Amino acid sequence: MSKVFKKTSGNGHIALYLGKRDFVDNVDSVEIVDGVVKVDPSGLNGRKVFVYLACAFRYGSEDLDVIGLSFRRDIWIQRVQVYPPTGGNATKSPMQESLMKKVGEQGCAFSFQMPPNLPCSVALQPGPNDSGKACGVDFEVKAYIANAADSADEVIEKKDTCRLMIRKIQFAPPNDKPGPKAEITKQFMMTDKPVHLEASLQKEVYYHGDPITVNVKINNETAKVVKKIKIFVEQLTNVALYSSDTYTKAVCTEEFGETINANSTFEKSFQLKPLLSNNNEKRGIAVDGRLKDEDTHLASTTLSQGDKEMQGILISYKVKVNLIVSGGGLLGGLTASDVTVELPLTLMSPKPAGDKLD
């Protein structure tokens, strides 16, 4: 094991060890979160040691918690007692065996199985002048010393805890399917023939940073002129907590000055590249969760089985192709109009080669 992640409590009586901090959600199952806690029994004073894994939605700065308001809501939480052991020598994973060799006899193994209907780690980008942690969904492994696993009457002091943030991530599935296609035929006022617009994507799944190719076909049977073509990539952020609200933000907008005259046809492929670097100033853009301040990218599309309701932040994308059609005739701009189609877009990271995750 090339790297071990360790966090020690303030009093030094417990230390939390993880072999990795990224755990992959394969849609139907999630990698087991396993680790080891090193326990010094001499400092417990008869208390026990517990570990929890929590998936939480954070929607405010932690600094405000001191005024008695909670700006964090647990979506899912599970606790286990690691010391004293509760019986049964469960089989240890290779990761835990390796950690136990490092920790020694004071090591206590633990593991958690997350359900597949939890959201992935995602954050909402703060504005340029915002301070504190970003809103979003995060996952935390925390070891703590207490008399009971979860007692409303017991105050657990910070020096008796140690925690590590982890990420739940998804990678693009193997996919060579053709991309989606959409079409529309639109009739305008005072014309007897329509404009027909067809748009398609070359493939179903695109990776972050790759150019997205949009194929556009137009059959303009009217006396009007298509003045230009606008193509957007929109990010849809569905915040499903107390209620379900969806926020739509354009993360890439391109305008092409293509003119399609009356009674003519047109066919061309256009490319767009939605990048977080072009959206750094936009508050509320969803980005994939980060553990520290390392670079990230636009949030990945959320894949789900669809049969279980998910809470948290769910991400999807769409491509919109919009034709700006001139009015023409006596009424001029009064009869100008748009013709629009939408295509679903799956935007994700490729699975790393081999089993080793970055």
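Using only the Cα atoms, what convex hull volume per residue in Å³ does the stretch 73-127 have?
174 Å³
To the nearest µm²/s, what D does Stokes-Einstein give for the stretch 115-269 at 4 °C and 1.567 mPa s, using the Kirkwood radius over alpha carbon pairs as Rh? Don't skip to the answer; put the middle values down first.
Details: Rh = 21.1 Å.
Here the translational diffusion coefficient equals 61 µm²/s.
Taking the Cα atoms of the stretch 70-188 alone, what are Rg (to one decimal) and Dmax (as a whole number) in Å?
Answer for the stretch 70-188, Rg first and Dmax second: 21.9, 79 Å.
Measuring from centroid to centroid over Cα atoms, what is the spacing of the stretch 163-220 and the stretch 254-306 in Å?
So the two Cα centres are separated by 11 Å.
Could you work out, for the stretch 189-242, what percent of all Cα-Cα pairs fall into each 10 Å distance bin, beginning at 0 Å and stopping at the bin that holds the largest distance?
P(r) over the stretch 189-242, rounded to whole percents: 16, 34, 25, 18, 6, 0.
Taking only Cα atoms, what is the 0 to 90° angle, nearest 10, from helix 94-103's long axis to the longest principal axis of the chain?
50 degrees
Please report, in debye to the nearest 20, how large the charge dipole of the chain is about its Cα centre when each Lys and Arg carries +1 at its beta carbon and each Asp and Glu carries -1 there.
Roughly 480 debye for the chain.
Compute the projected area of the convex hull of the Cα atoms of the chain, averaged over all viewing directions, and report it in nm² to one decimal place. Display every interim value, and only then the final one.
Details: hull surface 90.6 nm².
Mean projected area for the chain: 22.6 nm², to one decimal.
Can you tell me which lysines have their Cα less than 22 Å from the Cα of LYS20? Leave out same-chain residues fewer than eight positions away.
Within the straight-line cut-off, LYS20 pairs with LYS3, LYS6, LYS7, LYS38, LYS92, LYS101, LYS102, LYS142, LYS168, LYS292, LYS351, LYS356.
By average Cβ neighbour count within 10 Å, what is the ranking of 99-105, 15-21 from highest down? List each step's numbers first, then the result.
Numbers: 99-105: 14.4, 15-21: 20.1.
Highest to lowest by the protection proxy: 15-21, 99-105.
Among the DSSP beta bridges whose two residues both lie in the chain, what percent are antiparallel, rounded to the nearest 5?
Counting DSSP beta bridges with both partners in the chain, the antiparallel share is about 95 percent.
Using helices alone, what [θ] at 222 nm do you get for the chain, with -39,500 (n - 2.57) per DSSP H run of 4 or more residues, divided over all residues and rounded to the nearest 500?
Estimated from H runs of four or more residues: -1000 deg cm²/dmol.
Against the 2.2 N^0.38 Å scaling, with N counting residues, where does the stretch 217-295 land? I'd like the Cα-based Rg ratio to two decimal places. Before the final figure, lay out the partial values.
Values: Rg = 18.4 Å, N = 79, 2.2 N^0.38 = 11.6 Å.
Ratio of Cα Rg to 2.2 N^0.38 Å: 1.59.
Once you order the gyration tensor axes a ≥ b ≥ c over the Cα atoms, which shape class does the stretch 228-273 get: rounded for a/c under 1.5, otherwise prolate or oblate by comparing a/b with b/c?
The shape class here is prolate.
Kirkwood hydrodynamic radius of the stretch 123-205 from all distinct Cα pairs, in Å?
Taking every pair of different Cα atoms in the stretch 123-205, averaging 1/r and inverting gives 19.8 Å.
The numbers here are math on the coordinates, done by the rules we state, and not lab data. All values reported here derive from a predicted model rather than from experimental measurement. No Cβ is skipped: glycine too gets one built from the backbone with ideal geometry, and neighbour counts run over all protein chains shown.
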